[in-house]
Amino acid sequence: MATSAQPWQLGLAGSAGAEALATSGTASTEGPERPGPLQDETLGVASVPSQWRGVQGIRGETKSCQTASIATAEASVQARKHVDAEVQTEAPEPVSLPSVPRYNGPQLAAFLRKVEAMVTRELNKNWQSHAFDGFEVNWAEQQQTVNCLHTLSYPPAQGQGLHVTGVSWNSTGSVVACAYGRLDDGDWSTLRSFVCAWNLDRRGLSPQQPSAVVEVPSAAMCLAFHPTRPSHVAGGLYSGEVLVWDMSRPEDPLLWRTGLTDDTHTDPVYQPSRGEAEVGATAVAFSSFDPSLFVLGTEGGFPLKCSLSAEEAAVTRMPSSVPLRAPAQFTFAPHGGPVYSVSCSPFHRNLFLSAGTDGHAHLYSMLQAQPLTSLQLSHKYLFAVRWSPVRPLVFAAASGEGDVQLFDLQKSSQKPTVSVKQTEDESPVYCLEFNCQQTQLLAAGDAKGTVKVWQLSSEFTEQGARETELLDQLASEVAS
Amino acid sequence: MKTLVNFFPDLFQAEVEETLKRIQSHKGVIGTMVVNAEGIPIRTTLDNSTTVQYAGLLHQLTMKAKSTVRDIDPQNDLTFLRIRSKKHEIMVAPDKEYLLIVIQNPCE
């Protein structure tokens with residue numbers, strides 16, 4: 001059989017192979033001496049190219065991604081739930097001692113036995129000791145002198161030549177008010193005048209600009225703040241009216257006025273008081289101990305002890321719709337001229353001071369007509385005298401020579417301890433008031449239309465060791 | 001003399017009362033009180049609110065004084081406490097169980 005030579009050549013592995021194939025082809029035609037199908041043949045080598053190491057193109061694709069823009073939105077939330085609650089202060093309960101726990105009787109007795117001797121010894125030593133005589137400790141910084149803290153004035157009032165006729169501190173001690181008027185006008189006056197108030201605790205206090213100003217139709221002669229309401233102030237006018245203002249309402253401060261009726265004082269009101277007298281009253285002071293007791297200073301120069309509970313009806317010149325009573329109970333020995341100011345001691349129920357045009361201040365006891373002491377403080381008039389609210393033996397006086405004088409009866413009973421000049425040209429100081437809350441402050445108003453707030457030295461603001469006893473001693477020097 | 005609890009046999013009660021009366025009658029004594037270890041007053045000659053105030057405050061002060069003395073020297077201990085003020089002197093005699101407080105206005 002003839003095997004056809006396969007034309008199959010996978011690679012030129014060798015020419016021998018090709019020859020062999022060629023040979024085999026020819027061999028079939030020539031016919032070697034072998035039988036046909038069992039011939040040895042050598043085929044070429046087949047080779048397969050590798051596909052593994054071939055250079056592959058790096059296939060890449062570009063992709064990108066982008067975060068979407070952040071969406072924001074604003075929303076507000078309000079909690080709507082609310083709950084009502086009430087608060088009520090309760091009156092303080094009187095303090096009661098807690099129930100006492102069981103304790104051992106014999107133990108207590110033993111303890112007392114043990115300590116009694118020691119305690120008794122110390123008590124006796126203390127009673128005789130002079131170890132602490134004259135030893136004083138100062139906890140607060142000592143102010144050595146009296147100096148002027150503020151000089152307050154109202155230029156329009158000063159421009160009219162008005163005097164400060166009354167000063168008053170309010171119940172919290174932070175506002176000082178003054179009344180402008182004239183004290184030397186003898187006739188009726190239709191002068192428009194002012195009542196001004198300065199809040200000293202306010203920042204940016206401007207001394208020429210009061211925090212509140214009220215215009216009044218006629219000269220204001222006297223002024224007093226309400227004892228508990230910090231913004232209410234009452235003033236008496238030259239026309240005889242009494243007005244009450246609320247200084248916290250700038251648009252319409254006027255609360256109340258007495259109006260001009262037949263009953264009103266047709267004589268000038270010189271100090272807000274709750275009573276009238278047939279004598280010309282120039283000054284009133286209520287006792288701090290007995291609210292129905294008051295002392296009147298009169299034009300005749302004699303102080304009168306009066307009581308609101310007097311029953312006797314008054315004899316008046318003109319009929320009046322309000323029944324008047326005659327309150328006078330006792331007449332004291334007179335000054336040499338009208339009394340312009342009286343003041344009852346806040347520490348002793350029987351003592352009061354009076355000051356008048358004779359330049360003297362008299363210290364009276366309610367129990368006798370003659371004054372206990374008479375002090376000449378000025379050669380001109382004395383316009384105001386006030387006891388200190390903290391020191392039982394101290395009082396202040398305003399003189400016609402422009403001085404504010406402070407007396408300490410413990411140091412000297414003849415001359416003032418401190419005398420400060422309020423006005424340079426010796427025009428009189430008409431009124432003064434201590435500040436009961438801030439006890440180092442004293443306000444004084446003068447004829448130049450200024451109110452000066454004085455800061456007192458520490459000796460006037462702290463009570464000494466035995467002042468109340470000394471005051472009692474003074475009061476008991478009543479001639480028997 | 002205000003007695004707060006009538007509690008123990010008369011024998012000791014009489015002695016306690018007498019001792020306190022003796023102390024109270026000394027010259028210048030304004031008030032006397034006995035306070036227990038918790039600061040609760042047991043006997044007093046002053047009014048309720050003043051007593052409660054003195055008892056609470058002085059108990060605390062005495063404890064502080066005692067710890068001060070012990071801290072400085074652990075072998076030492078507080079025997080007596082005196083506070084002198086402008087107006088008067090307060091004396092405290094301390095003990096494990098009780099405090100005796102006496103207020104005196106000494107002669108100046």
Evaluate region B:9-26: report whether one residue or more is more than 9 Å from chain A (Cβ to nearest Cβ), modelled with pLDDT of 90 or more and over 19 Å from A:Arg113 (Cα atoms). no
Going by the conditions given, is A:Glu61 on the phi < 0 side of the Ramachandran plot, more than 11 Å from chain B (Cβ to nearest Cβ) and modelled with pLDDT of 85 or more? yes
Can you find a residue in region A:216-226 that is modelled with pLDDT of 70 or more, within 19 Å of A:Phe434 (Cα to Cα) and assigned to a loop (DSSP other than H, G, I, E, B)? yes
Go through (1) in a helix (DSSP H, G or I); (2) over 30 Å from A:Pro230 (Cβ atoms); (3) not small (Gly, Ala, Ser) for A:Gln158 and report which single condition fails. (2)
Flag if B:Gly39 is modelled with pLDDT of 90 or more and crowded, with 16+ Cβ neighbours inside 10 Å: no
So for region B:65-81 (the condition being modelled with pLDDT of 90 or more and within 10 Å of another protein chain (Cβ to nearest Cβ)), does at least one residue qualify? yes
Of the residues in region A:388-430, those that are touching a residue at least 40 places away in the same chain (Cβ under 8 Å), buried (at least 18 other Cβ atoms within 10 Å of the Cβ), part of a loop (DSSP other than H, G, I, E, B) and of a type outside the set (A, V, I, L, M, F, W, C) come to A:Ser388, A:Arg391, A:Pro392, A:Gly400, A:Gly402, A:Gln410, A:Pro428
Selected residue [away from every other protein chain (no Cβ under 14 Å) and either touching a Leu at 6+ places or on another chain (Cβ under 8 Å) or within 30 Å of B:Lys21 (Cβ to Cβ) (or both)] from A:Leu183, A:Leu123, A:Leu162, A:Leu152: A:Leu162
For a quick check of your reading of the model, give me the residue pairs whose first member lies in region A:110-137 and is within 18 Å of B:Ile103 (Cβ to Cβ), whose second is of a type in the set (Gly, Ala, Ser), with beta-carbon atoms closer than 8 Å and at least 6 apart or on different chains. A:Val115/B:Ala93; A:Met118/B:Ala93; A:Val119/B:Ala93; A:Leu123/B:Gly28; A:Asn126/B:Gly28; A:Trp127/B:Gly28
With (1) modelled with pLDDT of 85 or more; (2) part of a loop (DSSP other than H, G, I, E, B) as the list, and A:His362 as the residue in question, which single condition is left unmet? (2)
Please enumerate the residues belonging to region A:216-233 that are of a type outside the set (Val, Ile, Thr) and in contact (Cβ under 8 Å) with a residue 60 or more places away in the chain. A:Pro230, A:Ser231
Tell me, yes or no, whether region B:45-53 has at least one residue that is within 14 Å of chain A (Cβ to nearest Cβ), charged (D, E, K, R) and either farther than 25 Å from A:Pro92 by Cβ or not in a strand (DSSP E or B) (or both). yes
Applying the selection to region A:348-358, what residues are outside any strand (DSSP E or B) and either touching a helix residue (DSSP H, G or I) at 6+ places or on another chain (Cβ under 6 Å) or small (Gly, Ala, Ser) (or both)? A:His348, A:Asn350
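Of all residues in region A:112-139, which are among the aliphatic types (A, V, I, L, M) and either in contact with a helix residue (DSSP H, G or I) (Cβ under 7 Å, 6 or more places away or on another chain) or surrounded by 12 or more Cβ atoms within 10 Å (Cβ to Cβ) (or both)?
A:Leu112, A:Val115, A:Met118, A:Val119, A:Leu123
The values are calculated or read from the model by the stated rules, or taken from the named source; none is laboratory data. Since the model is a prediction, treat every value here as computed from it, not as a measurement. Quick reminder, even Gly has a Cβ in these numbers, built from the backbone with ideal geometry, and neighbours come from all protein chains shown.
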